[in-house]
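Engineer: Below are the structure tokens for one structure; questions will follow.
The values are calculated or read from the model by the stated rules, or taken from the named source; none is laboratory data. For clarity, every value in this text was computed on a predicted model and none was experimentally measured. Note that each Cβ is placed from the backbone with ideal geometry, even for glycine, and that neighbours are counted across all protein chains shown. SASA here: full protein model, heavy atoms, side chains in, ligands and nucleic acids out. Shrake-Rupley method; radii C 1.70, N 1.55, O 1.52, S 1.80 Å.
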Number of protein chains: 4
Amino acid sequence: MNVLHGIVPPLLTPMHQDGAVDHDSLDRLIDHLLDAGVHGIFPLGSSGQVAYLTDAERDDVVRRTVERVAGRVPVVVGVPDFTARRMAEHARRAVELGADAIVATAPLYALQDIAEIAESYRMLAASVDVPLIAYDVPVRVNTKLGIDMVMQLASEGVIKGIKDSSGDDVGFRRLVDANRAAGEPLDVLTGHEVMVDSMFLLGAGGAVPGLANVDPAGYVRMWDAAVAGDWDAARKEQARLNRLFDIVFTPAGLGGDAGGIGAFKAAVARLGIISSGTMPAPLRPLDDSALKAIDGILAEVGLLDTASA
Amino acid sequence: MNVLHGIVPPLLTPMHQDGAVDHDSLDRLIDHLLDAGVHGIFPLGSSGQVAYLTDAERDDVVRRTVERVAGRVPVVVGVPDFTARRMAEHARRAVELGADAIVATAPLYALQDIAEIAESYRMLAASVDVPLIAYDVPVRVNTKLGIDMVMQLASEGVIKGIKDSSGDDVGFRRLVDANRAAGEPLDVLTGHEVMVDSMFLLGAGGAVPGLANVDPAGYVRMWDAAVAGDWDAARKEQARLNRLFDIVFTPAGLGGDAGGIGAFKAAVARLGIISSGTMPAPLRPLDDSALKAIDGILAEVGLLDTASA
Amino acid sequence: MNVLHGIVPPLLTPMHQDGAVDHDSLDRLIDHLLDAGVHGIFPLGSSGQVAYLTDAERDDVVRRTVERVAGRVPVVVGVPDFTARRMAEHARRAVELGADAIVATAPLYALQDIAEIAESYRMLAASVDVPLIAYDVPVRVNTKLGIDMVMQLASEGVIKGIKDSSGDDVGFRRLVDANRAAGEPLDVLTGHEVMVDSMFLLGAGGAVPGLANVDPAGYVRMWDAAVAGDWDAARKEQARLNRLFDIVFTPAGLGGDAGGIGAFKAAVARLGIISSGTMPAPLRPLDDSALKAIDGILAEVGLLDTASA
Amino acid sequence: MNVLHGIVPPLLTPMHQDGAVDHDSLDRLIDHLLDAGVHGIFPLGSSGQVAYLTDAERDDVVRRTVERVAGRVPVVVGVPDFTARRMAEHARRAVELGADAIVATAPLYALQDIAEIAESYRMLAASVDVPLIAYDVPVRVNTKLGIDMVMQLASEGVIKGIKDSSGDDVGFRRLVDANRAAGEPLDVLTGHEVMVDSMFLLGAGGAVPGLANVDPAGYVRMWDAAVAGDWDAARKEQARLNRLFDIVFTPAGLGGDAGGIGAFKAAVARLGIISSGTMPAPLRPLDDSALKAIDGILAEVGLLDTASA
């Protein structure tokens, strides 16, 4: 049985002005996603700004998310840290709090070869009794997970799925094909926002787009179109979502986290779902010019009443 | 007054076969370094395998090191983590345990621009009342600290020193020159093992070589030669140490941590200073062929009696 | 009117055992492509091993290709060299020999910024009176052509098309969208072999796959399916071609040119279209094990009679 | 016997306003270098903007340089091109025109593995009967020459020297040490401008600094100091030259060639040695602000009379 399929948004972490997790906004955001029909929820990913949270705040997010989701869809929890021993600590706490699966990148900071990275995944899988999902995100951890290692870990039952945010679409396709040839031991999801229709065409089992926090219904419609084989509809929905994705280019002079996740948060706040787009220190907020441009884009794609934009 | 100068070894973390910190070996290693005349001790750096330690183990290493050093030289403690808030948690604990200064890399995993990284250092500096040393190690954190930002932070008093492990020697020289022009607000130390004589020639205020765990006396002799302006002696000592550094090339088929730090640990164990070269999981130990080659090199550079090699 | 659309194979350069261009094989290869219905021919690209040819050999290939194609489809000729002045020399000779368009990468070896690269394209475009196609191939020239520069050059009429071999599919999609928004001043073709169906889905105007030397009919069928909106057929054809593409993974221990283009040449030779798969020095030929594996794959995808494989 | 040692400036190519090679300026520049006591001259390197010259212009530069140098020091000529066959054409012409040695990078544009690159050097060495010098410049050709391959080619007598512009100082030192251990089959020169004292300390046999076009006497003084073992004098000269090197940071908004080589040319023109700092199209000239800053620096380091600055 699959752990993950379809649209699995990496959950934003709404914050109060003092930086504390905003529980009410988190609840509303989860409802917004579930109401749109998403197939899973992924807290403590890059979009959730896990790098900016203390361990106590991580636990707080997991606890609240599990409670609000209440079993309606799987909750898969990110456990990034330096190495397997530290990841396992997070994983055990997450499972205790109700996580349905664990998502783990390659080790950080450490300099490990392929065999050692594979062994890290084995150590982590052995530390919990829920499925382990690999997360391939070289832009953040400086390691690309190779297809041979991934399929080896799949064959051993160590990992049950993979979220590919590597931007290497050829590699992704080869992985999808290898997984199919092996009898589909893995759920293979793309972390792309803007190529999801193409990834569905070539066989991806789902997507984990940060932008789905803003428009989960759009991604669910694209998934449904793909399942139905209506590729023209899928492409049109993707084109609309790609226009929406332009919100990440509206901030000027900010780093990747502040600009990209900041735009997602600002848009969700503008739609009234979360109370504010507050970012964790030292990330600066979007300026008025960016916020205004986001308004225009939200209106253009039909998410905001033109009158109010 | 300087916080750091001269030879400041990044302290290895000796381990028992079960992975626990080996206190007695740690004590002996610290004595070995202090007896050789090193000018500071840096626990919880990359050579200390901080990425493989839990928070409790980090604290254990700091406590024991501070106790053993007993104020004879400064103890500067690494606090690597994702972002400033999490680094500050480590920093406060380290200071409480007696750290004389804190060493911090750029943020990990997070995608921050220069202004945000600078602000991260300001947040961290504000969290403790001991000096903050920047650690430039792009191979591990994927960010190179630019000279303009470093000198800006120096001018604000945010950072008091820098350990440069970037391998960008031209950039290092420009930094040394900029620091001199600014009245030397920074202690500028190189993280190189094999170019230390050159770095001293161009004005480095010290070195943080992992290899100094194996032969601290050699590095101290090179420092003394450099202070005396005897560059031929410095070069000759460096040439000898570079032959010793070849121990890191003896392991075959291991990643950077397992091979490099593994070779340091194996050599220090072979010299009888620590009880074993045990590495943290999932890193594999050196094989007999590597250990034998290390023996030969230790003998060749005069650290091991030829008869026993 | 478009210069380029559909399937435009980058023409292999068949060679005699002594390295000279094999004219008869070249003729047969061109016929093989035209008979399959390709929409253009691109000599002197990377697949044509232009880097290994002297200027006299370049001219020879262009002359013979123009003669054999005889106006049935456009012949677009690569003019790679260090900088615009040297590229212009190649371009003028190619046009004199009958080229219908010119294909140019960013400068090589030179260190130019965006404005200078744009000006290089302007210089080159001014040197001939046929359309100029930009070729984005960072793996070979170490520069990625940015979307803003490309659209600026398009708006000026400097370039009429682009072949994207950058592997940056998100960038490619953004370019397709920007080109559409600008009224389609450019023909936008993908240089991918294995993602062509997806690129067609998102709006690519054609493809330049080296693998089309081996199976031009397969790529033409995929193009026709895409034009007809039959995405399931396109995907199935792509899946078959991707299995065929596995021939490039059969050689062991060779560089990118020797293994990849060597496999294309070996397959085309095995199909009896060219006389041999001879590679230019210093590239080594494929070994028997690779050739045997290629036979198996050719049979599997229906290009070779199983009995003869 | 050594081919190359000491200071070997990579010769700038002075140009008339119409882009043609300025013979009289070239003569004066060569005299400027020889009068200062340089030990060799290297035309058609990166500083010579070889990438912007036609083959006819390359020959012109070599002919004029050989004539003016008239055997006083070796003339070593760059032959960059895509692959060995094309490099060999340049090499044969250069030797016919009087070149004393040939300088060659790894192949460009081509994708070759280590064995193929080594074979490329063998092909090139076999094409001429003068010594071949390897030129390691990954920033331009995207390949780093590995120490094992370099020492293998040295042991075969294929290459007689190497110019290292890789910026990998640790690798350079290991090469110097390996060469010494092998009986010094190679002349090992650094392409650094600003670390030459350090490279001399660790055993470099010479330097190929573009900045030596501006102040050859300064580099010759540093070489003499190094030979005499006066490292403090060497360091002081380097410090002065490093201040001079700041001229390359005066241009704003230009690419690497336009800014760096443009600054060298502008400075040499300002000193009255060449008639103008004209750059080849499409490179833009330095603006007045940069020229004025260069004046100030030239005066500061004693190359320009303060009154005239």
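Engineer: Pick from C:D136, C:D224, C:D168: which is most flexible by mean-square fluctuation in a GNM of chain C where alpha carbon atoms under 10 Å apart are linked?
Structural biologist: Among C:D136, C:D224, C:D168, the largest mean-square fluctuation in the Gaussian network model of chain C belongs to C:D168.
Engineer: What are the residues whose amide H is under 5 Å from the amide H of A:L304, where those residues sit 5 or more places off or on another chain and H is modelled from the backbone?
Structural biologist: Distant-sequence amide H within range of A:L304: A:A299.
Engineer: P(r) tail for segment C:40-127, what percent of Cα pairs lie past 20 Å?
Structural biologist: 31 percent
Engineer: Also, I was wondering about something else. List the lysines whose Cα sits under 26 Å from the Cα of D:K292, skipping any in the same chain fewer than 8 residues away.
Structural biologist: D:K236, D:K265
Engineer: Compute the distance in nm between two label points, each set 7 Å from the Cα along the Cα-to-Cβ direction, one at A:D35 and one at C:A281.
Structural biologist: If labels sit at A:D35 and C:A281, their model points lie 7.4 nm apart.
Engineer: Amide H neighbours of A:D22 under 5 Å, at least 5 residues apart or on other chains, H built in the peptide plane: list them.
Structural biologist: Amide H to amide H, under 5 Å and 5 or more residues apart or across chains, A:D22 pairs with A:M15, A:H16.
Engineer: Do the alpha carbons of any pairs in B:K144/C:K144; B:K163/D:K144; A:K144/C:K144 sit beyond 24 Å of each other, and which pairs?
Structural biologist: B:K163/D:K144
Engineer: Cut-off 10 angstrom, C-alpha nodes, Gaussian network model of chain B. Which of B:V75, B:V170, B:V103 fluctuates the most?
Structural biologist: Between B:V75, B:V170, B:V103, it is B:V170 that shows the largest mean-square fluctuation.
Engineer: Mind computing the radius of gyration and Dmax over the alpha-carbon atoms of segment A:71-209? Å is fine for both.
Structural biologist: Expressed in Å, the Cα Rg and Dmax of segment A:71-209 come to 14.1, 39.
Engineer: Hey, another quick one. Nearest 100 Å² is fine: how much accessible area is buried between A and C, summed over both sides, with a 1.4 Å probe?
Structural biologist: About 1800 Å² of accessible surface is lost on pairing.
Engineer: On to the next question. Of the accessible area of the protein assembly as shown, with the probe set at 1.4 angstrom, what percent is carbon plus sulfur?
Structural biologist: For the protein assembly as shown, the apolar C and S fraction of the accessible surface comes to 51 percent.
Engineer: Mind listing the long-range amide H neighbours of B:Y135? Cut-off is under 5 Å, sequence gap 5 or more, other chains count too, H placed in the peptide plane at 1.01 Å from N.
Structural biologist: Amide H neighbours of B:Y135, under 5 Å, 5+ apart: B:A104, B:T105, B:A106, B:K163.
Engineer: Taking accessible area as the heavy-atom solvent-accessible surface of the protein chains with a 1.4 Å probe, which residues of segment B:179-206 lose no less than 30 Å² upon going from the isolated chain to the full protein assembly?
Structural biologist: Those are B:V194, B:M195, B:S198, B:L201, which lose 30 Å² or more relative to the chain on its own.
Engineer: Points 7 angstrom from Cα along the Cβ direction at A:N2 and A:D18: gap in nanometres?
Structural biologist: 4.3 nm
Engineer: Please report, in cubic angstrom per residue, the volume enclosed by the convex hull of the alpha-carbon atoms of the protein assembly as shown.
Structural biologist: 177 Å³
Engineer: FRET efficiency for A:D27 and A:R92, Cβ-Cβ distance as r, R0 = 30 Å, nearest 0.05?
Structural biologist: Between A:D27 and A:R92 the formula returns 0.70.
Engineer: A further question on this structure: Counting only helical runs of four or more DSSP H residues, what would the 222 nm mean residue ellipticity of chain B come to if each run contributes -39,500 (n - 2.57) and the total is spread over all its residues?
Structural biologist: Counting only the DSSP helices, I get -13500 deg cm²/dmol.
Engineer: Give, to the nearest whole percent, the P(r) tail of chain C beyond 24 angstrom, counting all Cα pairs.
Structural biologist: Everything past 24 Å amounts to 50 percent.
Engineer: Still on this model: For segment A:18-100, state which trypsin sites (Lys or Arg not before Pro) are in a DSSP loop and have at most 15 other beta carbons lying within 10 Å of their beta carbon.
Structural biologist: For trypsin sites (Lys or Arg not before Pro) across segment A:18-100 that sit outside H, G, I, E and B with at most 15 neighbouring Cβ atoms in 10 Å, the list reads A:R72.
Engineer: Provide the net charge surrounding A:G203, with neighbours chosen by a C-beta distance below 13 Å and charges set as Lys +1, Arg +1, Asp -1, Glu -1.
Structural biologist: -3
Engineer: Once both labels are modelled 7 Å past Cα along the beta-carbon direction, what's the A:F249-A:A70 spacing in nm?
Structural biologist: Label at A:F249, label at A:A70, 4.2 nm between them.
Engineer: Specify the residue with the greatest mean-square fluctuation among C:G218, C:G146, C:G253, computed from a Gaussian network of chain C linking alpha-carbon atoms under 10 Å apart.
Structural biologist: C:G253
Engineer: Probe of 1.4 angstrom, ligands and nucleic acids ignored: what's the accessible area per residue over the protein assembly as shown, in square angstrom?
Structural biologist: Result: 33 Å² of accessible area for each residue.
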